[in-house]
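The structure appears right after this line, and notes come after that.
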Amino acid sequence: MSAETLRAKIREIPDFPKPGILFYDITTLLKDPAAYKEAIDLMLDPYREEQVDIVVGMESRGFIFSAPMAYELNTGLVPVRKLGKLPAETLTVEYALEYGSNTLEIHRDAIAPGQRVLIVDDLLATGGTVRGTIELVERLKGVVVGLAFLVELEFLKGRDRLDGRKVTSVISY
């Protein structure tokens, strides 16, 4: 199955969540077992030969991909959550959204210094959320080896805001 075949499985919904936005609904891809498996395999391929010690999944759709990727790479999984969702001591970072800001957090003991980290999310748009996640990982002294996404909205130029890091995506719009 190719990236184009996977792309055809994503439903496009105009004017969601507000007028003028075209929403790419991955639930139609996820319910197809072969497409879901292929999406994970294609997201993993660039990292199979990398040393990855831990996979970080970004709330919330990033969890859908990061968990099976961590399983396949035989690593642990660390969730990065929105403010107030993690029970133990956390580090937080505030990041800018198109209209306003949001806060992410990670447990202070989630990543050991020097651990090699793969950050995973479903979508790369402007790059703000993943930049916040990178900051949290690096404040814990983790080493970001890559940023893996299912979908990249190239016209928003999020990749350009990620300081030349290894960024991979399966489907581009």
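A few remarks follow.
- For the chain, modelled as a GNM whose springs connect Cα atoms under 10 angstrom apart, the maximal fluctuation among Lys85, Lys18, Lys31 occurs at Lys18.
- Signed unit charges on C-beta, dipole axis of region 51-172, positive-most listed residue Gly76, Gly158, Ser169: Gly76
- FRET efficiency for the pair Phe23 and Ala3, taken as 1/(1 + (r/R0)^6) with r the Cβ-Cβ distance and R0 = 25 Å, rounds to 0.80.
- Bridge type composition, the chain - antiparallel percent by DSSP, nearest 5: 40
- The value of relative contact order for region 92-173, using C-alpha pairs under 8 Å at least six residues apart, is 29 percent.
- Labels on offer are (i) 158; (ii) 116; (iii) 131, and the one holding volume of the Cα convex hull per residue in Å³ computed from this structure is (ii).
- Remark: spin-label model distance Lys157-Glu89 equals 4.1 nm, labels positioned 7 Å along the Cα→Cβ axis.
- Computed FRET value (nearest 0.05) for Lys37 with Ile13, which takes r as the C-beta separation and R₀ as 25 Å: 0.55
- Only Lys, Arg (+1) and Asp, Glu (-1) charged, at Cβ; region 51-172 dipole about Cα centre in debye: 120
- Cα-based reach from Lys141 at 30 Å (exclusive), listing lysines while leaving out same-chain residues under 8 positions away: Lys82, Lys85, Lys157, Lys166
- Note on Lys9: lysines with a C-alpha under 23 Å away, same-chain residues under 8 apart excluded, are Lys18, Lys31, Lys37.
- Once the C-beta distance of Val143 and Ala67 is scaled by a Förster radius of 22 Å, the resulting FRET efficiency is 0.55 to the nearest 0.05.
- Structural descriptor for the chain: relative contact order 19 percent, calculated from alpha carbon pairs under 8 angstrom and at least 6 residues apart.
Laboratory data are not the source of any read-out in this text; all were calculated from the coordinates shown. Keep in mind the model is a prediction, meaning the values are calculated, not measured. Note: ideal-geometry Cβ built from the backbone for every residue, glycine included; neighbour counts use all protein chains shown.
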